[in-house]
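Scroll down for the structure; my scribbles are underneath it.
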Amino acid sequence: MKKFFLAVKKIEEILLVILMIVMCTIVFIATVARFTNLFIISWAEELARYCMIWIIFLGIGVAAIDGEHFSVEALDLFVPKKVMKVIRGICAVIVLVFSLFAGYYGVKILAFQISGGQITPSLNWPMWLMYLAIPLGLVIMAVCYVYHTYTQITGKEDKKDEKELIEEGEQEV
């Protein structure tokens, strides 16, 4: 199970790096070109915005795998471990319910965009590609957050560290 989530994390991280490079490069080139009056890239701002949207929704999954979302860590110091397990469980349920609720409406919006055939103004890409980030990111976050909480509550975290699992995965390939 841990290998699966590490693979998901690795794929998301690669996509995030690619999107960030694309976004920064196009914004830099468009800015320099505009201020030097060489040329204007009319679609640069739109592409940067869509890259940022995808970075946000893919990034929440990466953060959920490691449990890096906002939390009050001071509670660990003052609350007994059994109570913390209950609190973590309640938080996981709230995150799961919110993610599935928002993901459900994200799918409805996505279906509306697919049926409407709307395209982006400058890039002329199907708009549903941008809205796909919402349900995809939220479902990944929900599954990863629940898994992370499960490993915290049960204490069934793998004793192998991340590097060992990645090395094993590379040897199998």
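Some observations on this one:
- Cβ-Cβ distances below 8 Å connect the following pairs, each with a first residue in region 111-125 that is on the phi < 0 side of the Ramachandran plot and of a type in the set (Gly, Ala, Ser), a second residue that is part of a loop (DSSP other than H, G, I, E, B) and surrounded by 11 or more Cβ atoms within 10 Å (Cβ to Cβ), and a separation of six or more residues or different chains: GLY116/MET127; SER122/SER42; SER122/TRP43.
- Residue in region 84-116 that is nearest to ALA74 (Cα to Cα), counting only those that are touching a helix residue (DSSP H, G or I) at 6+ places or on another chain (Cβ under 6 Å) and among the polar types (S, T, N, Q): SER99
Any read-out appearing in this document is the output of simple, stated calculations on the displayed coordinates, not a laboratory observation. Predicted model only: the values in this text are computed from it and were never measured. Note: ideal-geometry Cβ built from the backbone for every residue, glycine included; neighbour counts use all protein chains shown.
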